[in-house]
Amino acid sequence: GGLPVVRITLAQEDLDTILAAGNEQSDVEYLATFRWESPQLTAEVDSIGFRLRGNTSRNSRKKSFKVSFNTFRQGGKWEGLEKLNLNGEHNDPSIIRSKLSWDIFREFDVPASRANHVELYINGAYFGLYINVEHVDEQFLNRYFGNNDGNLYKALWPADLTVRGGDGDAYRPSGGDRRPYDLTQGASDQEGYDDLAAFINLINNTSGSGFRGAIERAMDVDGFLRAQAVTVLTGSWDTYWFLKNNFYLYNNPATGKWHYVPFDFDNTFGIYWDGISSGLDWATRDVYDWGHPTEERPLMERILAVPEFRERYTYYLRELLESAFLASRLESEIARLKTLTEAAAEADTYRTLDYGFTVQDYHDSFTAPLADHAHVTAGLIPFVTQRYLSALGQLDGGSVAPLISSIEVLPERPRPSDSLRVSAKIETRSIALAQVEYWPDVPQRQTVMMVPGSGDFYHAILPPLGNNGTMDLRIRAVDGAGAERQSALLRIGVDDSKPPVYINELQARNETTVADEFGEFDDWVELFNASDIPAHVGGWSLSDDPANTDRFVLPDVFIPEQGHLLVWLDAQPEQGDLHAPFRLAGAGESLGLYEANGLEVDYVSFGAQVVDESFLRSPDASPYFVSGSFPTPGEPNPIVESVEDGPRAPQSFAVYPNPFQDHVSIRGGAFEVYDVLGRRVHGRAIGAQPGAPGIWDASAHPAGLYFVREISSGHVTPVMKVR
């Protein structure tokens with residue numbers, strides 16, 4: 001549908017001031033109107049702020065600009081954004097390299113700004129082909145990390161992450177001094193920087209034996225290595241590893257880890273000035289010895305010195321070369337972008353002002369270096385081909401065992417009766433086995449198979465620890481070639497201080513079971529206090545979104561000892577203090593209960609629900625959940641050991657108890673049981689009488705997750721065998 005058009009209108013004298021010689025470093029914003037025109041959207045926003053932006057580009061003749069929607073309007077946004085960056089890309093004759101880089105970073109799961117080409121008009125005059133780039137701010141942080149409460153530092157030259165001093169004062173700006181680390185989001189300058197100083201001290205001064213564990217606890221190492229893999233293949237030298245420039249560090253309070261966020265990619269794919277460091281060819285440079293030849297870059301150097309981290313980096317390079325940087329695929333994308341932007345680029349007279357690029361230079365830059373412009377050292381397409389081939393030849397040989405990271409055990413503070421939810425990221429080219437090995441205070445090893453989730457994550461459920469219990473566990477993964485890796489051991493212990501309040505029962509499809517005070521049959525959840533004293537739950541919260549734990553804050557209320565509290569999940573908060581602003585999904589989802597400080601008290605996940613059946617612990621506070629047509633809102637839950645414990649519709653499908661030890665009852669007609677590898681391990685005859693319970697004797701099968709499939713409906717229920 002063509003390129004979007006951005007039109008900026010402001011007083012001509014203000015525009016003249018912005019563009020005047022001597023104003024290059026000014027950040028003064030001028031009142032303007034912003035208009036967006038595209039086949040999908042036409043919109044106009046008045047009272048925006050408009051100014052110059054950039055570093056060296058401020059001195060170029062084709063300027064870059066910043067649009068701010070919240071300078072003159074408090075809280076102002078457009079399409080959820082507070083700011084936009086309009087980059088002139090004056091170094092790049094193709095005006096494509098930066099856009100390609102942003103897209104590759106994002107496709108490779110690296111936090112990076114969204115970007116697109118636009119035609120820019122200011123006061124009716126065509127200023128040329130620009131790249132519209134998302135600003136890294138609180139909206140960006142929310143989108144990638146689910147929060148914006150941490151400190152965000154913008155790092156510019158000479159941000160090499162070497163130690164400058166013992167505390168935040170060594171990094172904090174003073175007077176007119178520009179330090180390489182600018183705190184752009186989070187605490188004030190006086191309150192910030194101590195966290196950055198501590199992180200840089202960890203990078204540089206942690207002992208060799210302790211570095212691997214310390215840096216993994218402090219930083220998203222996988223995200224950093226993914227970013228460096230893209231950096232190397234795109235030849236993005238104007239970043240941390242080579243030029244100690246152009247990146248952000250975000251101290252994420254939700255994970256307790258630092259995240260690396262790259263930016264500014266106009267100097268990529270063969271754009272380079274030999275005077276910076278002579279004799280470098282970014283299309284062939286060694287992917288392991290890629291940084292500055294004479295200066296320290298301690299973060300990358302120390303990480304690559306850890307053999308497992310080097311393996312991860314190798315794996316990411318290979319994965320990238322087979323996906324987003326596959327030469328044939330990238331060349332097709334270059335051709336598509338050239339077709340899309342060609343007319344706008346040819347009409348862009350500002351593009352010619354800084355280096356004298358001609359229209360022919362524009363076309364030639366896709367296929368060859370420009371002899372009259374030494375900084376264009378390679379044609380865009382030949383660079384991709386050469387970098388692809390050279391990188392493939394430089395990768396460490398041998399297979400890389402599965403990579404295990406991001407291990408999480410929930411709840412973080414397990415009660416004696418809480419089942420443990422284990423998840424881990426396992427990256428491999430093919431997987432044959434993923435399991436949790438655990439030792440529940442006994443010398444005999446137990447195992448549970450992990451099942452795949454979204455992305456590269458795998459999950460398992462472990463049995464409760466019991467009173468005063470502890471457990472050692474680790475993840476074991478084996479790939480299709482037999483290469484194996486085990487994670488380090490983790491020790492989990494019971495937290496006796498965790499409140500004994502449970503999500504005890506819920507109903508997501510209530511049509512006739514129980515009505516609220518308005519006579520409406522809505523979703524509900526029952527909380528149970530298992531202690532012998534009243535539990536004050538005022539200020540606690542319920543949420544079906546783990547990233548937003550305070551969707552519904554409970555009023556100032558007590559749950560009696562051994563008592564129940566019913567909360568209506570009906571999206572009608574106006575009906576009373578115990579009516580939440582959301583509903584449950586009948587198709588299945590999760591629900592969490594949290595203390596006022598955000599710590600998890602209880603968390604349950606459930607599958608598709610049947611009308612007027614409930615999902616409940618059996619009995620109250622039990623680690624075992626069952627589904628059935630015996631709801632007991634506000635009353636003690638029954639002990640369900642057979643179908644006679646509660647009336648059920650003749651054709652309803654039930655699997656109980658769940659989790660189980662050696663035997664599980666299955667009602668609903670013919671069924672099959674599969675393990676996590678998709679192998680059929682049990683089947684009941686098709687002619688079995690509908691409604692009569694079947695028994696699966698699983699005593700000969702290992703503990704782990706299995707799937708029970710009702711043949712007539714195809715409905716699948718996961719069940720967990722525990723020892």
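The values are calculated or read from the model by the stated rules, or taken from the named source; none is laboratory data. Nothing here was measured: the structure is a model prediction, and the numbers come from that model. Quick reminder, even Gly has a Cβ in these numbers, built from the backbone with ideal geometry, and neighbours come from all protein chains shown.
Among what's in region 539-548 and is in contact with a strand residue (DSSP E or B) (Cβ under 8 Å, 6 or more places away or on another chain) and surrounded by fewer than 19 Cβ atoms within 10 Å (Cβ to Cβ), pick the residue that is modelled with the lowest pLDDT. In this case the residue turns out to be PRO546.
Checked against the criterion of being modelled with pLDDT of 95 or more and over 22 Å from PHE105 (Cα atoms), the candidates PHE199, PHE269 yield just one match: PHE199. Annotation: of all residues in region 243-276 being assigned to a loop (DSSP other than H, G, I, E, B) and of a type in the set (S, T, N, Q), the one that is farthest from SER365 (Cα to Cα) is THR255.
Within the bounds of region 194-217, is there any residue that is part of a loop (DSSP other than H, G, I, E, B) and touching a residue at least 40 places away in the same chain (Cβ under 8 Å)? Give the derivation first.
The initial filter retains those residues of region 194-217 that are part of a loop (DSSP other than H, G, I, E, B), namely 206-207.
Of the ones still in play, those that are also touching a residue at least 40 places away in the same chain (Cβ under 8 Å) are none.
No, region 194-217 contains no residue that is part of a loop (DSSP other than H, G, I, E, B) and touching a residue at least 40 places away in the same chain (Cβ under 8 Å).
In the set GLY691, GLY669, only one residue is crowded, with 18+ Cβ neighbours inside 10 Å and either over 26 Å from VAL501 (Cβ atoms) or at pLDDT below 75 (or both); that residue is GLY669.
Can LEU161 be described as of a type in the set (A, V, I, L, M, F, W, C), over 22 Å from GLN25 (Cα atoms) and part of a loop (DSSP other than H, G, I, E, B)? So LEU161 passes the test.
Could you look through region 587-634, keep only residues that are small (Gly, Ala, Ser) and within 20 Å of PRO555 (Cα to Cα), and pick out the one that is surrounded by the fewest Cβ atoms within 10 Å (Cβ to Cβ)? It comes out as GLY598.
Highlighted here are the strands (runs of 3 or more DSSP E) found entirely within region 564-617 that include at least 3 residues which are in the same structural domain as TRP524 (by TED's automatic domain parsing) and modelled with pLDDT of 90 or more: 564-569, 589-594, 614-617. Take the conditions in a loop (DSSP other than H, G, I, E, B), surrounded by 19 or more Cβ atoms within 10 Å (Cβ to Cβ) and out of contact with any Cys (no Cβ under 9 Å at 6 or more places or on another chain) and apply them to TRP290. Does it pass? Here the answer is yes, as TRP290 does meet what is asked. All conditions in (1) farther than 15 Å from TRP290 by Cβ; (2) in contact (Cβ under 8 Å) with a residue 24 or more places away in the chain; (3) out of contact with any Pro (no Cβ under 6 Å at 6 or more places or on another chain) hold for PHE224, with the sole exception of (1). In this structure, is SER390 of a type in the set (Ser, Thr, Tyr), modelled with pLDDT of 90 or more and assigned to a helix (DSSP H, G or I)? Yes, satisfied. All conditions in (1) assigned to a strand (DSSP E or B); (2) outside the structural domain of GLY75 (by TED's automatic domain parsing) hold for ARG172, with the sole exception of (1).
Of the set (1) under 30 Å from ASP372 (Cβ atoms); (2) among the hydrophobic types (A, V, I, L, M, F, W, C); (3) in contact with a Phe, Trp or Tyr (Cβ under 9 Å, 6 or more places away or on another chain), all apply to LEU15 but (1). Looking for something without any contact (Cβ under 8 Å) to a residue 24 or more places away in the chain, touching a helix residue (DSSP H, G or I) at 6+ places or on another chain (Cβ under 7 Å) and closer than 20 Å to TYR126 by Cα - is there at least one such residue anywhere in region 27-45? There is at least one residue in region 27-45 that is without any contact (Cβ under 8 Å) to a residue 24 or more places away in the chain, touching a helix residue (DSSP H, G or I) at 6+ places or on another chain (Cβ under 7 Å) and closer than 20 Å to TYR126 by Cα. For region 1-46, a residue qualifies if it is of a type in the set (Ser, Thr, Tyr) and over 34 Å from the mean Cα position of the chain (by Cα), and the qualifying residues are THR9, THR17, SER26, TYR30, THR33.
Listed residues ILE492, ILE559, ILE475; which is under 19 Å from SER417 (Cα atoms), crowded, with 18+ Cβ neighbours inside 10 Å and of a type in the set (Val, Ile, Thr)? Working first, answer last.
Values: ILE559 fails: under 19 Å from SER417 (Cα atoms); ILE475 fails: under 19 Å from SER417 (Cα atoms).
Step by step, each of ILE492, ILE559, ILE475 is checked, and only ILE492 is under 19 Å from SER417 (Cα atoms), crowded, with 18+ Cβ neighbours inside 10 Å and of a type in the set (Val, Ile, Thr).
Look at region 72-107 and say how many of its residues are more than 15 Å from PHE263 (Cβ to Cβ) and surrounded by fewer than 21 Cβ atoms within 10 Å (Cβ to Cβ). Going through region 72-107 one residue at a time, the tally reaches 12. Within region 515-534, being under 22 Å from TYR594 (Cα atoms), assigned to a loop (DSSP other than H, G, I, E, B) and among the aliphatic types (A, V, I, L, M) holds for ALA530, ILE533.
Determine, yes or no, whether ALA227 is within 19 Å of the chain's Cα centre (by Cα) and surrounded by 24 or more Cβ atoms within 10 Å (Cβ to Cβ). Against the criterion (within 19 Å of the chain's Cα centre (by Cα) and surrounded by 24 or more Cβ atoms within 10 Å (Cβ to Cβ)), ALA227 qualifies.
When you scan region 336-366, how many residues do you find that are touching a Pro at 6+ places or on another chain (Cβ under 7 Å) and either free of Cβ contacts under 8 Å to residues at least 24 places away in the same chain or of a type in the set (Ser, Thr, Tyr) (or both)? Steps first, please.
Of all residues in region 336-366, those touching a Pro at 6+ places or on another chain (Cβ under 7 Å) come to 357, 361-362, 365.
Applying the additional criterion that residues be either free of Cβ contacts under 8 Å to residues at least 24 places away in the same chain or of a type in the set (Ser, Thr, Tyr) (or both) yields 362, 365.
Result for region 336-366: 2.
Figure legend. Inter-residue proximity from region 125-145: first residues touching a residue at least 12 places away in the same chain (Cβ under 8 Å), second residues surrounded by fewer than 16 Cβ atoms within 10 Å (Cβ to Cβ) and of a type in the set (Lys, Arg), beta-carbon distance below 6 Å, spacing 6+ or different chains. Indicated pairs: GLU134/ARG114. Listed conditions (1) more than 20 Å from PHE528 (Cβ to Cβ); (2) surrounded by fewer than 18 Cβ atoms within 10 Å (Cβ to Cβ); (3) of a type in the set (Asp, Glu) are all met by ASP570, apart from (2).
Of the residues making up region 501-519, one or more are surrounded by fewer than 20 Cβ atoms within 10 Å (Cβ to Cβ) and under 33 Å from the mean Cα position of the chain (by Cα). Residue count for region 156-180 satisfying the condition of being touching a strand residue (DSSP E or B) at 6+ places or on another chain (Cβ under 7 Å) and without any contact (Cβ under 8 Å) to a residue 60 or more places away in the chain: 1. Taking first residues from region 309-334 that are farther than 27 Å from SER406 by Cα and partners that are among the polar types (S, T, N, Q) and not in a helix (DSSP H, G or I), the Cβ contacts under 9 Å between residues at least 6 apart in sequence or on separate chains come to ARG329/SER323; ILE334/SER94.
Check ASP396, ASP418 and return the single one that is outside any strand (DSSP E or B) and modelled with pLDDT of 90 or more. Before you say what the answer is, go through the steps one by one.
Numbers: ASP418 fails: modelled with pLDDT of 90 or more.
The match here is ASP396.
Give the residues of region 29-42 that are of a type in the set (A, V, I, L, M) and at pLDDT 95 or above, sorted by residue number. Across region 29-42, the qualifying residues are LEU31, ALA32. Beta carbons closer than 7 Å, at least 6 apart along the sequence or on distinct chains, pair a first residue in region 527-544 that is among the acidic types (Asp, Glu) with a second that is part of a loop (DSSP other than H, G, I, E, B) and surrounded by 24 or more Cβ atoms within 10 Å (Cβ to Cβ) for ASP544/LEU584. Based on this model, can you work out whether GLY150 counts as surrounded by 15 or more Cβ atoms within 10 Å (Cβ to Cβ), touching a residue at least 40 places away in the same chain (Cβ under 8 Å), among the small types (Gly, Ala, Ser) and in contact with a helix residue (DSSP H, G or I) (Cβ under 6 Å, 6 or more places away or on another chain)? Judged against the criteria, GLY150 is not a match.
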